[in-house]
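Engineer: Structure incoming, see below.
The values are calculated or read from the model by the stated rules, or taken from the named source; none is laboratory data. Keep in mind that what you see is a predicted model, and the values were worked out from it rather than measured. Positions of Cβ are backbone-derived with ideal geometry, glycine not excepted, and every protein chain shown enters the neighbour counts.
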Amino acid sequence: MQINSTPLRQEQLSFDEQLVRKTGLDLIQSVQRWKKGKLYKFPLEPLNCTEDSKCEVQTYGETIDGDYWLCRQSTHNITPENYRKVVQVLNGSQWDQQAGKWDLSDTAARSKQEQEYIEVLSKCHVTKQVAENGLGWVLVNLEYELGKPLTTREFNEWVCPLAPVVCQEQGLETSLVVSLVADEQIRDPVNHTRAHYASVEQLKYDRTSHVLEWTMCTTSDAGGNVPKWIQNATIARTVVKDVPYLLNWMQKRGD
């Protein structure tokens, strides 16, 4: 299995949970060898969902097999209760207090919520859900408004959320979301521009220190006439904003 910019059909997806998890983790762990980029600093609203008054987001970059990858990574002091709420939004898993475990019964839950906290995401259509051996992929169609004079960018993705698992020796709980480029037609080929991205997102929580490490790696192409070198130079400024926006938004929605 590979995570890259290659469009995939349903029959090309892996339903081996261990393989999907390992492939995602391998990419995340490789970030320590990437080129270190800019450190972004943001103030947080007093009632954000963490115990912090600010957040710092470190970026990294690397070209892998012709794809330029951008990573953002941040750490946050957060209570177990609020951490579980973050997992519910970003991963789709819900904590079952009575059973004492995570439940990921709706693999599309994460995708359905994205439009609420990603500013430039204007529409999200869940078009298909497929599952084998307890592992589920969700086909989503996304529309992004990147600002005039750019046309609406339309993405098709296969999204696979993996519920949190605990490494007992280290006391760390880790969840993943793997997104791959889907080999599907866009909904409006006349007025929209085809774009794509693949990504891996990890939430790693230290249950002793209550520190959350949030890492996201992505490779993307906005399509159209925007030169790739300009996209690569500006993508960091776009993806780092998601961190403070989500942390502040969690409290505004009543969480």
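Yes/no per residue for (1) in contact (Cβ under 8 Å) with a residue 60 or more places away in the chain; (2) of a type in the set (Gly, Ala, Ser):
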position: Asn141; (1), (2): no, no
position: Leu176; (1), (2): yes, no
position: Ser179; (1), (2): no, yes
position: Gln185; (1), (2): no, no
position: Asp188; (1), (2): no, no
position: Thr193; (1), (2): no, no
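Engineer: Just to be sure I understand the filter: pairs with C-beta atoms under 7 Å, separated by 6 or more residues or on different chains, first member in segment 101-125 and under 23 Å from Lys241 (Cβ atoms), second member part of a helix (DSSP H, G or I) and of a type in the set (Asp, Glu). Which pairs pass?
Structural biologist: Ile118/Asp242; Leu121/Glu114; Cys124/Glu114
Engineer: Further question on the same structure: Which one of Cys124, Cys71 is of a type outside the set (Ser, Thr, Tyr), at pLDDT below 95 and crowded, with 17+ Cβ neighbours inside 10 Å?
Structural biologist: It is Cys124.
Engineer: Right, another one. Does at least one position in segment 155-177 carry a residue that is closer than 17 Å to Leu90 by Cβ, acidic (Asp, Glu) and either over 20 Å from the mean Cα position of the chain (by Cα) or part of a strand (DSSP E or B) (or both)?
Structural biologist: Yes.
Engineer: Something else now. May I ask you to verify whether Gln29 is under 30 Å from Ala131 (Cβ atoms), polar (S, T, N, Q), exposed (fewer than 12 other Cβ atoms within 10 Å of the Cβ) and under 17 Å from the mean Cα position of the chain (by Cα)?
Structural biologist: Here the answer is yes, as Gln29 does meet what is asked.
Engineer: Right, another one. Of all residues in segment 214-255, count the ones that are surrounded by fewer than 16 Cβ atoms within 10 Å (Cβ to Cβ) and modelled with pLDDT of 90 or more.
Structural biologist: Total satisfying the criteria: 1.
Engineer: Select the strands (runs of 3 or more DSSP E) contained entirely in segment 63-154, then report the ones holding at least 3 residues which are among the polar types (S, T, N, Q) and within 18 Å of the chain's Cα centre (by Cα).
Structural biologist: Result: 67-77.
Engineer: I need the full set of residues from segment 184-207 which are hydroxyl-bearing (Ser, Thr, Tyr) and at pLDDT 95 or above, in order please.
Structural biologist: Answer for segment 184-207, where residues must be hydroxyl-bearing (Ser, Thr, Tyr) and at pLDDT 95 or above: Ser199, Tyr205.
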